[in-house]
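**Student:** Next up is a structure, given as structure tokens.
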């Protein structure tokens, strides 16, 4: 339970203050609920006693005074007491209902709170961490584990607390009424659940880890198979994926069913044990020559208590088993919310002013200590308005160099200076706001064309004039205007309804819409024909003297209009002052090979 306690502590710290106040309010409601249960149980003894002999009311002088003041029923104490009992039962039922509604609403509110926190952390998490993680794990956290948190953690936890209050209060009442009966209940029922829990806890823990592992495998398989549906249809290997799905899904469902059985099955054993215990108490009481008027009210109270305490004790156990059975998922979520990755919002839309330029100063980078440097001791001076081509063989570090420039990767050593000011976590948000990036593989949301160009903006925030201007520069406007819904045309999941070239042009238009001071094209025109590429690049080169362009390209002709070429080679960056000079050097090297 130690890990569960630590995880609950982290989850508590991540909750919004209003949810914390609601939890405190629920504790108070649980106390009221428990007191109401005790009152309803305590009223059984005088009811049975009066029904056996109305003169027994003299044993309860305070109750006699209360019943005597009930209008119209003072002459019939048994009827008056039954009316009071009925009212108490109604009140208890209402309190139970209110507690149930409040508990479930609170559980869903807390889960929503945690889900937003996990999602926020996922988006603000440093880029290098994303490179090491599989997206299926995060999808599992935000879908399956959040759902498990509602039904398997928070509702059981709140139910556990409520059940504990009720069981504890009933036992206290029973100890007052009959210490012997209370002791029997604690020993018999408590002992039974203790033995059962000891036998179940190991299996619940094992299944908890197995369920998390298989859930993530299942999501990964679904992502990969649907993402590669064209290849699967072409190769005709659907049976392989179905077989793999079944191999993951079957043990997953078996583990889930074992946890459900472990949580619910003790009820039948303990209920049988409860009936046997009630009979045994009655037999023993009669054997010790107790009179019926003395023993029957106690037995009735015991039976009524058992009727209330057994389902509640089962809820207590089921809630505990659910917490243990979902402990690994809870630990994962607790770790996700424990660290706050959220950055400052103060400069959300502010861009960094760049008047002179920026430079790399002795910059080196390695992804981790087990791997060598990708780039080493790189020094670059880049004036504002430069047109720079970036070339190099695959795997040499071109994209890594640009990721460092964009602030996605932090140099292992060295500095990046903007107008002489070092790039740090304090100003990195403004720096990124000044950069637009067009990757080779454009990510498109299943939204309209205009939403994908003005990416991440609400409909009322979109400037359609800027959208049109960006689309025209990307040689996309004429194509869009031929569509029935024009800029409101839906592109499909990941732009599946568009060609590769159309997706790339939307990516280019997105970068141009941002009106950034620095624009980076990473193989951004590889899917375009030469004529379209030339028109787009000519338009981009005319963006203005204050816009700095970086163009990563394998097609050297794309770089004809750049004024400097960076060649990434052997962890260094070689600087070529002109396109013609680079081409001549490359041709000479090829001849000498």
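No value in this document is a laboratory result; all are computed from the given coordinates. Given the structure is predicted, the values throughout are model-derived calculations rather than measurements. Here the Cβ positions follow ideal geometry from the backbone for every residue, glycine too, while neighbour counts run over all protein chains shown.
**Student:** On a full-extension model of 0.36 nm per residue, what is the gain between residue 496 and residue 426, subtracting their alpha-carbon distance, rounded to one decimal in nm?
**Tutor:** Additional length available on full extension: 21.3 nm.
**Student:** Only Cα pairs under 8 Å and at least 6 apart count here; give the relative contact order of the stretch 404-562 as a rounded whole percent.
**Tutor:** That works out to 27 percent.
**Student:** Shifting gears a bit: Treating the stretch 394-508 as a set of equal point scatterers at the Cα positions, no solvent, please give the Debye-formula log₁₀ I(q)/I(0) at q = 0.19, 0.24 Å⁻¹.
**Tutor:** -1.01, -1.30
**Student:** Indicate, rounded to the nearest 5 percent, the antiparallel portion of the DSSP beta bridges found entirely in the stretch 357-592.
**Tutor:** Percent antiparallel among DSSP bridges in the stretch 357-592 is about 55.
**Student:** Please give the contour-minus-distance gain from residue 257 to residue 116: 0.36 nm per residue of separation, less the Cα-Cα distance, rounded to one decimal in nm.
**Tutor:** 47.8 nm
**Student:** Still on this structure, I have one more. Based on the Cβ-Cβ distance from residue 482 to residue 535, what FRET efficiency comes out when R0 is 22 Å, to the nearest 0.05?
**Tutor:** The formula returns an efficiency of 0.80 here.
**Student:** For the stretch 482-538, rounded, prolate or oblate, judged on the Cα gyration tensor with a ≥ b ≥ c (square roots of eigenvalues), a/c < 1.5 rounded, else prolate if a/b > b/c?
**Tutor:** prolate
**Student:** How far apart, in nm, are two points set 7 Å out from the Cα along the Cα-to-Cβ line at residue 246 and at residue 577?
**Tutor:** That separation, rounded to one decimal, is 7.0 nm.
**Student:** Any chance you could tell me what percent of the C-alpha pair distances in the stretch 357-592 go past 22 Å?
**Tutor:** 55 percent
**Student:** Distance between the C-alpha centers of the stretch 508-574 and the stretch 448-484? Whole Å please.
**Tutor:** So the two Cα centres are separated by 21 Å.
**Student:** If packing is taken as the average count of other Cβ atoms within 10 Å, what order do 174-181, 549-556 fall into, highest mean first?
**Tutor:** 549-556, 174-181
**Student:** Whole Å is fine, so just give me how far the alpha carbon centre of the stretch 12-38 lies from that of the stretch 142-180.
**Tutor:** 12 Å
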